[in-house]
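Below you'll find the structure, written out as structure tokens, and then a few comments.
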């Protein structure tokens, strides 16, 4: 396995998380009721799961593995979280480590926000 493979796996996983979050937001906002409550509960459980994994790995496991493999391949690894690095590289947007964490949490909690909208 090399850093490029891990990068694409990481990108795919992040894309899946984003699609599920957006779908959950829409489902909860449109359907409402028990569906919205269930979607919100799953989003909160997902956030807790991410927090536990990141705590155990001292950050995102994909990011840690990608950086380790970059160093092993003799390439310079980026500093900080992947979201901050790639937001700067691809979009020209500067994010602090805290900013990247806030963006991640907001994406994961999008379905809960959709559930809240359904209550209005």
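Gain on full extension, evaluated as 0.36 nm per residue between residue 101 and residue 5 minus their Cα-Cα distance, stands at 32.2 nm. With the convex hull drawn around the C-alpha atoms of segment 2-45, the volume per residue stands at 52 Å³. Multiplying the residue separation of residue 68 and residue 30 by 0.36 nm and subtracting their alpha-carbon distance yields 9.4 nm. The relative contact order of the chain, computed from alpha carbon pairs under 8 Å that lie at least 6 residues apart in sequence, is 45 percent.
Which option, (1) 53, 28, 22; (2) 46, 42, 20; (3) 59, 30, 29, is the value of Cα extents along the principal axes in Å that was calculated from these coordinates? The value computed from this structure is option (1). Against the chain, whose longest principal axis comes from its Cα atoms, helix 97-108 is set at around 40 degrees. Taking label positions 7 Å along the Cα-Cβ direction at both residue 78 and residue 22, the computed distance is 2.0 nm, reported to one decimal. Each of 20, 102, 39 was scored by other Cβ atoms within 10 Å of its Cβ. Arranged with the fewest first, they read 102, 20, 39.
Since every read-out is calculated from the coordinates, none of them should be taken as a lab result. All figures in this text were calculated on a predicted structure; none of them were measured in a lab. Methodologically, a virtual Cβ is constructed for each residue, glycine included, from the backbone with ideal geometry; neighbour enumeration extends over all protein chains shown.
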